[in-house]
Amino acid sequence: MATKTPITSILRVASRCRAPLLTPQSFLKCSNPQTPPRCCFHSAPTPPPCLPEFAFAFDIDGVLVRSSDPLPRAHKALSYLQSQRIPFILLTNGGGKHESDRVDDLAKKLEVPLDTSMFVQSHTPFADLDEYKNRTIMVVGGVEDMCRRVAERYGFKTVVTPGDILTAYPAVWPFSQQLLPYYETFSRPLPAPIDPTSPSTSLKIDAVFVYNDPRDWGLDTQVIKDVLLSHQGILGTLSEKNGNTALPNKGYQQDGQPPLYFSNPDLLWAAKYHLPRLGQGGFREALEGVWAALTGGEKNGVELKKIVIGKPHRPTYEFAEKRLVAHRKRLLEQNDDKLRSLKRVYMVGDNPESDILGGNSYNSPHGTDWVSVLVRTGVHVAGTVPKHTPRMEVGDVWDAVSWAVGQEKWAL
């Protein structure tokens, strides 16, 4: 079972929406006497302002884009919501780039204005783990060392990758030797040597973060295994407590080893190939299999202690809800005195195991109802029965928006 991270630690950054708000010129204002208000359907002589009490949270891959290509009606759906000033955020288990870079890329592809105040990706909450920013961390996954650079932009001072370790000590994983020319193009010198004869001066890892889908499963599994079996995270050492039946977890991860964080539990995701592909969750399952083979696993009373965030886990939904409430307040700030609590959030996703399970399970501390809507443009295949039942199943993201605004009696 994944270790629970203190919610306050994960959520502190959720309300830091510093990016400028981009408001499309096409926003419809209900106060314009020349334009009949599309959402003010009351018969009273002076209708109230159009202040939506609902919002949306959209997954990205399989909902708005498929791999790098925008899906056909994604632009139409987001443009409509922006024209009506209906708040939404993008909530994805994807990552690998800094939030500002990913938002810029998506805004160009979808041809809608976006900013980081309305965007949460898998590793966004890592930015708030200040306790590790002046220590040595290892970042795993992503293209080349892009995730290292993301971590540095979050404020982490000393960031090591498995590629750095392989380049400095090729014998660490002999089966990636043919990839050394590739790793040498972006690896950096290690901040300390790996010297088991001098543990006090050897490379010590204080936390391991899997930011994105690993590309070299063998190397990454080997290095993470070495860290978790070490004495206090000192590479090249082996803890004497491993296998001690008198200790909790048979002595494994009981000797000051660093915490292991995963940002994305998705086993599968929708890529360009017509069938779903293995994601970061697949790597975690593989690592757990190796861990069980080495330690005896759960049947021997040993678990892999880890912290997993991302959909469907509650901390990610709490983080996202804080971000959405803050974005909504800024979007509708001119009506702040009339702004009521958010009643509903439509969670639109393609993956029953993350989007739908998360939406169904989340119990908002604000009393907001999260309504799960499953689309058929990604992981979920039309005609199959999803493991977790959504409130509504539709064709694509425009169908999802159309259904939701109909539920709210908000005219298209």
Give segment 201-255 a look and list any residue that's outside any loop (DSSP other than H, G, I, E, B), touching a strand residue (DSSP E or B) at 6+ places or on another chain (Cβ under 8 Å) and closer than 29 Å to residue 61 by Cα, or say none.
207, 208, 209, 210, 220, 224
Scanning segment 146-187 for residues that are open to solvent by 80 Å² or more (accessible area, probe 1.4 Å) and more than 20 Å from the chain's Cα centre (by Cα), the one nearest to residue 131 (Cα to Cα) turns out to be 157
Can you tell me which residue within segment 244-277, out of those that are of a type outside the set (Ser, Thr, Tyr), open to solvent by 40 Å² or more (accessible area, probe 1.4 Å) and without any contact (Cβ under 8 Å) to a residue 24 or more places away in the chain, is nearest to residue 233 (Cα to Cα)?
254
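Among the residues of segment 330-350, which ones are over 18 Å from residue 318 (Cβ atoms) and open to solvent by 10 Å² or more (accessible area, probe 1.4 Å)?
Within segment 330-350, the subset over 18 Å from residue 318 (Cβ atoms) is 330-340, 348, 350.
Answer for segment 330-350, where residues must be over 18 Å from residue 318 (Cβ atoms) and open to solvent by 10 Å² or more (accessible area, probe 1.4 Å): 330, 331, 333, 334, 335, 336, 337, 338, 339, 340.
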If you check residue 122 against the conditions, is it touching a Gly at 6+ places or on another chain (Cβ under 7 Å), modelled with pLDDT of 95 or more, polar (S, T, N, Q) and over 29 Å from residue 195 (Cβ atoms)?
yes
For segment 206-228, check the following and say yes or no: at least one residue is crowded, with 23+ Cβ neighbours inside 10 Å, among the polar types (S, T, N, Q) and farther than 24 Å from residue 358 by Cβ.
no
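Quick grid of which residues meet (1) open to solvent by 40 Å² or more (accessible area, probe 1.4 Å); (2) of a type in the set (Val, Ile, Thr); (3) at pLDDT 95 or above:
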residue: 64; (1), (2), (3): no, no, yes
residue: 72; (1), (2), (3): yes, no, yes
residue: 81; (1), (2), (3): no, no, yes
residue: 87; (1), (2), (3): no, no, yes
residue: 92; (1), (2), (3): no, yes, yes
residue: 96; (1), (2), (3): no, no, yes
residue: 100; (1), (2), (3): no, no, yes
Note on segment 294-326: residues buried (at least 19 other Cβ atoms within 10 Å of the Cβ) and at positive phi are 310
Just one of the numbered conditions (1) part of a helix (DSSP H, G or I); (2) within 30 Å of residue 381 (Cβ to Cβ); (3) open to solvent by 70 Å² or more (accessible area, probe 1.4 Å) is not true of residue 363; which one?
(1)
Please go through segment 372-388 and pick out each residue that is hydrophobic (A, V, I, L, M, F, W, C) and touching a residue at least 60 places away in the same chain (Cβ under 8 Å).
375, 379
Find the residue count for segment 326-350, including only residues that are at pLDDT below 95 and not in a helix (DSSP H, G or I).
4
The one condition in (1) out of contact with any Leu (no Cβ under 8 Å at 6 or more places or on another chain); (2) surrounded by 17 or more Cβ atoms within 10 Å (Cβ to Cβ); (3) of a type outside the set (D, E, K, R) that residue 388 fails to fulfil:
(1)
Determine, yes or no, whether residue 379 is on the phi < 0 side of the Ramachandran plot and either in contact with a Gly (Cβ under 8 Å, 6 or more places away or on another chain) or open to solvent by 30 Å² or more (accessible area, probe 1.4 Å) (or both).
yes
Taking segment 188-200 on its own, how many of its residues are free of Cβ contacts under 8 Å to residues at least 24 places away in the same chain and in a helix (DSSP H, G or I)?
1
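The values are calculated or read from the model by the stated rules, or taken from the named source; none is laboratory data. From a predicted model like this one, the values you see are computed outputs, not experimental measurements. All Cβ positions, glycine included, derive from the backbone under ideal geometry; neighbour counts span all protein chains shown. SASA here: full protein model, heavy atoms, side chains in, ligands and nucleic acids out. Shrake-Rupley method; radii C 1.70, N 1.55, O 1.52, S 1.80 Å.
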